[in-house]
């Protein structure tokens, strides 16, 4: 059985400048992976590359979903294969209501249109899980939203689209503790035996609510270290500099 | 070649409403314009002599006035006035029942969805087929209220005094070259009279259509809302596509008496060879409200600036317009608010999109006369450019000759960003679907002001316009 997501020796450049320098990662169904690392280490680049942002050029390696090579597919086809990217900075769409946007996305991803009644019911349910006011559905997508509202909307979309693989790029940044709790519980409700989550984060904080099976530490465009959930705590205590020291020590020992 | 195959050969592809029916005209004036043609039109219509004289006077004004030296002069000077038919009369008499409308004309209406529109929420239909209204009905409710909703030619016959009293009082022949032309050769258009206090609950709609090749369409519309009354008039405009350029030059006059409320909605989807040069003006008396909702799709050149003259204390004028300019098109649209009384207010909201090298201009005038104090006016122009080849300009003019005037003016020009597209594509939308969604969102403020059926139609038209526009 092929892995849900398999990234093989991925090299990515932006405007000719190499950012990812050989990333390999495997996520099986039912797994939650946390990808941590300092700012500028290339975490977001990996997220964008998995979703297929046109500006992120894959110069070597591949990305596979359930054994299928998707490296050359445009973003909408990746979405239709069940990949979801929760954006760190979601774009605003003036004049497009949240309900219209999510309904269109569901239709595009699933290929069939839900009846308006069923859709409204689904949307209401998911919104109440995320403690969102019903009026939210009629607002314009991310237009004048607070940081917390934007992140909630990303999670709402994920809950409605029920992706196989969700890549959540710094979904926890800029959230107060209440919003963090709501967003984390939304993530946990999406997580299940049939799908995988890649949680990209700078802080350990969200991992108090979303328990990862694996933690990877990203540094200079590569995964520098992988381990179990305990590694996140260690990082929190010692900071990313600890990794640096560890690497130096390893080099000295060799 | 017979005329219909000739016309068929000239049909351009890609315009959804480009079908056409074989012409069945009872009378067609010869090409070009002179005093004889003007007299002939008046004679054919059996008009009173005052109208004939008005037409002749207007014709002389039209001849004497030079072409405007502003706007898109290159396009304007390309109009060949001698190559246009000024009057066509399709059937002998105006039909009162749908069943009696000739089959070929019915087919045209079927294609543009008139019967459906009627079934759904019509208060009354005046559908203009070429130069005469062929199908026209007013429901009983309107009659009971004393509301008159008819075509202009019938109004001139049945209510000559009212027509004589108001015709050309808001837009005289001398106003501009095209208003003069319209006055000389006008045919059809709507006449609406709403008596004191009458509230017309459902929109009155007319669907205009230019059918015969090289037919000019010179409809003349006059709406009078008496004190404390309310009416919403809505029209769509679709011309089939022919290779030859045609001219659409309407005049619309609105008279809002004290405390009345007129809303006038237009969705225009003319084919890409039509010159659309329209004069629209309203007068708002004390505490009256006038709203223009004006959507411009298609045409080769549109020059249209709906205006409200606020002449009574407390009057309000709101103008909301949207325009979509595609390849080879120039939408020169805008609005005018003239404040001539105190405690008046108004808003102008203009939304334009340019794509495939198209050009959209906003041209607006806000004028506040010295006697108009405590005036509030808000102008907002948003332009969206879909590619590098397209163009957007704004020409806002403000003439404020009074004190205690609050003017707000905001303008924005934006482009669809790569990040916005990526966001939508990451949600399963193809690039073109993503662009269409952004465009529909951009027009949402406009679409929300339309009855549901029209906003659905607008979305569909935009979708058609967008197809194939993204490489």
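Mind ordering B:414-420, B:184-190 by average Cβ neighbours within 10 Å, highest first?
The most tightly packed comes first, giving B:184-190, B:414-420.
Please list the equivalent ellipsoid semi-axes of the range B:419-471, computed as the square roots of five times the alpha-carbon gyration tensor eigenvalues, in descending order and whole angstrom.
In descending order the semi-axes read 22, 12, 8 Å.
Please work out whether the range A:122-175 counts as rounded, prolate or oblate from its C-alpha gyration tensor, where a ≥ b ≥ c are the square roots of the eigenvalues and a/c under 1.5 means rounded, while otherwise a/b larger than b/c means prolate and anything else oblate?
Oblate.
Shielding by partners for A:75-83, please: the mean number of other protein chain Cβ atoms within 10 Å of each residue's Cβ.
Other-chain Cβ atoms within 10 Å of each residue's Cβ, averaged: 4.
Pop a pseudo-label 7 angstrom from the Cα along the beta-carbon direction at both residue A:120 and residue A:246 and give the gap in nm to one decimal.
Modelled inter-label distance: 5.3 nm.
Across peptide B:438-449, what mean number of C-beta atoms from other chains lies inside 10 Å of a residue's C-beta?
3
For chain A, rounded, prolate or oblate, judged on the Cα gyration tensor with a ≥ b ≥ c (square roots of eigenvalues), a/c < 1.5 rounded, else prolate if a/b > b/c?
Prolate is the answer for chain A, as a/c is 1.5 or above and a/b outweighs b/c.
Pull out the extension gain between residue B:159 and residue B:430, defined as 0.36 nm times the separation in residues minus the alpha carbon to alpha carbon distance; nm, one decimal.
Computed gain between residue B:159 and residue B:430 is 91.9 nm.
Let me know the Rg and Dmax you get for the range B:335-471 when you use only its Cα atoms, in Å.
18.2, 58
Per 0.36 nm of contour for each residue apart, how much would the distance between residue B:143 and residue B:452 grow if the chain were fully extended, relative to their Cα-Cα spacing?
108.7 nm
Give, in nm to one decimal, the length gained when the segment between residue A:128 and residue A:205 is fully stretched (0.36 nm per residue of separation minus the Cα-Cα distance).
25.3 nm
If we sort A:122-135, B:284-297 on the protection proxy, mean other Cβ atoms within 10 Å, highest first, what's the order?
Peptide ranking by packing, descending: B:284-297, A:122-135.
Using r as the Cβ-Cβ distance of residue A:72 and residue B:70, and R0 as 41 Å, what FRET efficiency do you calculate, to the nearest 0.05?
0.20
If I fit a long axis through the Cα atoms of helix A:177-190 and take the longest principal axis of the Cα atoms of chain A, what angle between them do I get, 0 to 90°, rounded to 10?
Its long axis makes an angle of about 90 degrees.
Pairwise over distinct Cα atoms, reciprocal of the mean inverse distance: report the Kirkwood radius of the range A:117-243 in Å, one decimal place.
15.8
With everything on Cα atoms, drop me the angle between helix A:116-129 and the longest principal axis of chain A, reported from 0 to 90° to the nearest 10.
Result, in degrees: 50.
Order these peptides, A:188-200, B:374-386, by their mean beta-carbon neighbour count within 10 angstrom, highest first.
B:374-386, A:188-200
Using only Cα atoms and rounding to the nearest 10 degrees, what angle (0 to 90) does helix A:241-253 make with the longest principal axis of chain A?
So the inclination is approximately 30 degrees.
Roughly how many nanometres apart are two label points built 7 Å out from the Cα toward the Cβ at residue A:110 and residue A:21?
Going by the 7 Å Cα→Cβ label model, 4.5 nm.
Just to be sure I understand the model, the point goes 7 Å from the Cα along the line to the Cβ. What's the resulting residue B:39 to residue A:146 distance in nm?
Taking the two extended label points, one gets 7.8 nm.
Within 10 Å of each Cβ in peptide B:417-424, how many partner chain Cβ atoms are there on average? Round it to a whole number, please.
6
Rounded, prolate or oblate: which fits the range A:1-48, taking a ≥ b ≥ c as square roots of the Cα gyration tensor eigenvalues, rounded meaning a/c under 1.5, else prolate when a/b beats b/c?
Oblate is the answer for the range A:1-48, as a/c is 1.5 or above yet b/c matches or exceeds a/b.
Taking only DSSP H segments of four or more residues, each worth -39500 (n - 2.57), what value at 222 nm results for chain A once the sum is divided by all its residues, to the nearest 500 deg cm²/dmol?
-11500 deg cm²/dmol
Given the options A:146, A:226, A:47, state which has the largest fluctuation in a GNM of chain A using a 10 Å cut-off (strictly under) for Cα springs.
Its mean-square fluctuation being the largest, the pick is A:146.
Read-outs: derived from the displayed coordinates by stated rules, not from any lab. Since this is a predicted model, take the numbers as computed values, not measurements. So basically every Cβ, Gly included, is an ideal-geometry build from the backbone, and we count neighbours across all protein chains shown.
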